[in-house]
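A.B. asks: First, the structure itself, so that you have it in front of you.
Quick note: the coordinates plus some simple rules give every number you see, no bench work behind them. Just so it is clear, the structure is predicted and the values come from calculations on it, not from any experiment. As a convention, Cβ positions derive from the backbone with ideal geometry for all residues, glycine included, and neighbour counts pool all protein chains shown.
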Amino acid sequence: MRYDLHTHTFYSACSGQRPETLLKAAIRRGMDGIAVTDHDTMEGSAIIERLVKRHNRKEGTGFGLVKGCEFSTDAGDIIGYFIADAAPLRGVRDPFEVIDRIRAMGGLVALPHPFTVVRKGFGLPLELVAERIHALEGLNGRMMESFPNGMARRAAARHSLAVVGGSDGHFPVEVGRAWTLFPGTGPDDLYGAIRKRQTGIGGTTLFGWIGAPASPFYQLGKRMGIWKAP
Ligand SMILES: [Zn+2]
Ligand SMILES: [Zn+2]
C-alpha cells in the first residue's frame, strides 16, 4: 500500500486546500490512503473521514484514512498518528508530554522533518526521545535542502525506528508526491508495519519547491481576511 502520511487542509493556517480537494488529489495520484496531519487541530481530519466513508461506499473501494495531528512543541513539530482527538493536547508545548499523551491515546509518534535547517527541525538530541517514539520522517516532500531526509533515514536505522514518508502537501500540486509503503491492505496493517519497522518510502521533493514558498502568502492572506474558511 502507498499512503501519503503527511498532508494539510485549510484548517492549517499555512494551507489553502479544502478537504475534498486534498482527497481528490490523493486519489488522482494513486495513493491508497492518506494521513491528515493539520497543525494542532483535527477539524479537517473529521471532515475527510466523512468524505472517505462516502467515497468508499459509492466506489466500493477501501481508501484508507489515518487521523493524525502535527503538534507544535517547544522542541519542534511532533506528529501523532491514529489518534481520535487533538483537544486534550491544546496548549501543551512540552515535547515529552506531547509524546506521552499521544501514546496514552493509543497513537503512534513520528518526528517530521527532524533535521531541516530551512524550517524548524527537532530541537532536542534524538537520544532523549528515541525510546518513546515510533518513527522518523525519512522523506518529507517539502524538504528544500537535500541532506536532511538522508540524515533522518540514517538516524532511524541507528535508533531502530520506522521510517515514514509524506508530501507535507499544503496544496493539491504537492499531495501524493511522497509516500510510505507497507505490506497489507489498510490502516491497521500500517499501524502494525510502523510498530514492526516494516515500512518503506518513495517519492520526490520536487513539488515542495512550489508549495513551500506559497504557504507564507496564504498565511498572510488569511490573516488579512482575503481567504476564508470553506
Ligand atoms: Zn512541520
Ligand atoms: Zn506539516
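A.B. asks: Here is a list of conditions, (1) β-branched (Val, Ile, Thr); (2) more than 15 Å from ligand 2 (Cβ to nearest atom); (3) within 25 Å of Gln219 (Cα to Cα); (4) touching a Leu at 6+ places or on another chain (Cβ under 6 Å), and Thr9 meets all of them except one; can you say which number that is?
C.D. replies: Evaluating Thr9 over (1) β-branched (Val, Ile, Thr); (2) more than 15 Å from ligand 2 (Cβ to nearest atom); (3) within 25 Å of Gln219 (Cα to Cα); (4) touching a Leu at 6+ places or on another chain (Cβ under 6 Å) leaves (2) as the failure.
A.B. asks: While we're here: Having 3 or more residues that are under 17 Å from the mean Cα position of the chain (by Cα) and closer than 16 Å to Thr7 by Cα is the bar; report the helices (runs of 4 or more DSSP H) wholly within the stretch 135-230 that clear it. I'd like the intermediate steps shown before the answer.
C.D. replies: Values: elements: 147-158, 187-195, 208-223.
Those helices (runs of 4 or more DSSP H) span 208-223.
A.B. asks: Could you list all residues from the stretch 106-127 that are assigned to a loop (DSSP other than H, G, I, E, B) and exposed (fewer than 15 other Cβ atoms within 10 Å of the Cβ)?
C.D. replies: Selection gives Gly106, Val117, Val118, Lys120, Gly123, Pro125.
A.B. asks: Only one of these conditions is not met by Ala157: (1) surrounded by fewer than 15 Cβ atoms within 10 Å (Cβ to Cβ); (2) of a type in the set (Gly, Ala, Ser); (3) more than 21 Å from Pro183 (Cα to Cα). Which number is it?
C.D. replies: The one condition Ala157 does not meet is (3).
A.B. asks: Residues of the stretch 77-114 being in contact (Cβ under 8 Å) with a residue 60 or more places away in the chain and of a type outside the set (A, V, I, L, M, F, W, C), which ones?
C.D. replies: Tyr81, Pro112
A.B. asks: To continue, here is another question. Scanning the stretch 11-30 for residues that are crowded, with 24+ Cβ neighbours inside 10 Å and hydrophobic (A, V, I, L, M, F, W, C), which turns out farthest from ligand 1 (Cβ to nearest atom)?
C.D. replies: In this case the residue turns out to be Leu23.
For every residue, the table says whether it meets (1) within 25 Å of Arg18 (Cα to Cα); (2) within 15 Å of ligand 1 (Cβ to nearest atom).
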{"residue": "Val52", "(1), (2)": "yes, no"}
{"residue": "Gly62", "(1), (2)": "yes, no"}
{"residue": "Gly76", "(1), (2)": "no, yes"}
{"residue": "Ala110", "(1), (2)": "yes, yes"}
{"residue": "His113", "(1), (2)": "yes, yes"}
{"residue": "Thr116", "(1), (2)": "no, yes"}
{"residue": "Phe122", "(1), (2)": "no, yes"}
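A.B. asks: Give me the pairs: first residue in the stretch 4-26 and of a type in the set (Val, Ile, Thr), second residue away from ligand 2 (no atom under 14 Å from the Cβ) and in a loop (DSSP other than H, G, I, E, B), beta-carbon distance under 8 Å, and six or more apart or on different chains, which are they?
C.D. replies: Hits for this filter: Thr9/Arg18; Thr21/Pro172.
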